[in-house]
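Remarks on the structure that follows.
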Amino acid sequence: MQLALGIDIGGTSTKLALIDAAGHITARSSFSTSDRADEHDFFRHLFAGIAELVGDSVELVGIGAGAPSANEQQGTIENAANLPFSPKVEFCKTLRERYNLPVTLVKDSNASTLGEWHFGAAKGMKNFLLLTLGTGLGCGIVANGMLLGGEYGHGGEAGHICVQPHGRACGCGRLGCTETYVSATGLKRTAFELMATTMHDSPLRSLSYDAMSARHIYEAALSGDFLAKKAFAETGEVLGRALADMAAWFEPAAIVLSGGLAMAGDLLFVPTLDSLERHALAFHKGHKINVIPSALGENDAALLGAAALVWK
């Protein structure tokens, strides 16, 4: 049976899946990335995971992978802040030499974009954006039927566009980046700012910053907590303003929201759509920019996109 191997490398875990040409996942596994000592330890666990997954009955036709800080042109992972790697890791070369198969590497956000394009909510679209709202904010852009990579392979960093001059400090070294407001981490920062500047009672006040997660805020908002709902409203306000700017740049048929924060549903989508409508250019008003949730499982988009590198 011919299958592609999809690999999704994250700071916490690395996921593997065998995927057919129609986008069906036939088997999957994972291992911890954060526990690895270095890239050599990582590759040992990766090879063991592949051997266990593939066995003797699978014919691999190729390997596709998504990773943070991927240099798509060179097939390397470079200066990955959340991976226990050396500054430059020859990912594609290492796998090609071991398996003698085609190996392709893309940024993690582009892997998710490819998954949504070929198998999910953006299937068949020629112009769309995908925003992954997780710990940070990832972005992938398809324009005129082509995935935008940029001159050096680092295009599409919407998470690091400034939405608030002199605003929150970002891990990239700049201030006021989108992802410091629109992400699971950004939502938590907003909740703590609201607790510092308002007197509203809230179950969130009993939690320390380290103990609180976006899920705590989500659950509090569902129960009607004013402060938690306000945190989502402010997050949606910033996101909608950013989407209005993105619509002005690319005029996409749709903007797909994925990731854990997007799973908050109306708590995020309602204020986002309201803000987008208020800030949109005149010819984009009337909700002409379609904002839709991902059609793929939270953990599957990048795996399917990695497999699409092989099949498509």
- If one builds a Gaussian network model of the chain from Cα atoms under 10 Å apart, the most fluctuating residue listed among 68, 271, 87 is 87
- Query: In nm, to one decimal, how far is the residue 208 label point from the residue 26 one, both placed 7 Å along Cα→Cβ?
  - Reply: 4.9
- Message: What whole-number distance in Å separates the alpha-carbon centres of the stretch 29-101 and the stretch 168-221?
- Response: 34
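Given charges of +1 on the Cβ of Lys and Arg and -1 on the Cβ of Asp and Glu, with all other atoms neutral, how large is the dipole of the stretch 223-307 about its Cα centre, in debye to the nearest 20?
About 220 debye.
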- Message: Among 281, 273, 175, which one shows the highest mean-square fluctuation when the chain is modelled as a Gaussian network with alpha-carbon springs under 10 Å?
- Response: 281
- Item | Computed FRET value (nearest 0.05) for residue 199 with residue 151, which takes r as the C-beta separation and R₀ as 45 Å | 0.30
- Item | Largest-first principal axis extents of the Cα set of the stretch 124-293 (Å) | 49, 36, 27
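Add -39500 (n - 2.57) for each DSSP H run of 4 or more in the chain, then divide by its residues: what number comes out at 222 nm, to the nearest 500 deg cm²/dmol?
Working: 8 runs with 110 residues, N = 312.
After summing the helix terms and dividing by residue count, I get -11500 deg cm²/dmol.
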- Item | Max mean-square fluctuation residue, GNM over the chain, Cα-Cα springs under 10 Å, options 274, 56, 300 | 56
- Task: Can you pull the one-decimal nm distance between simple spin-label points at residue 223 and residue 47, each 7 Å off the Cα toward Cβ?
- Result: 5.1
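Could you work out how much longer the chain between residue 101 and residue 248 gets when fully extended? Use 0.36 nm per residue separation minus the Cα distance between them, nm to one decimal.
Working: separation 147, 0.36 × 147 = 52.92 nm, distance 4.13 nm.
Gain on extension, residue 101 to residue 248, equals 48.8 nm.
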- Query: Can you sort 166, 118 by how many other beta carbons sit within 10 Å, fewest first?
  - Reply: 166, 118
- Query: Points 7 angstrom from Cα along the Cβ direction at residue 266 and residue 127: gap in nanometres?
  - Reply: 3.2
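Quick note: the coordinates plus some simple rules give every number you see, no bench work behind them. Note that this is a predicted model, so its numbers are computed, not measured. Every residue, glycine as well, gets a Cβ built from its backbone with ideal geometry; the counts of neighbours run over all protein chains shown.
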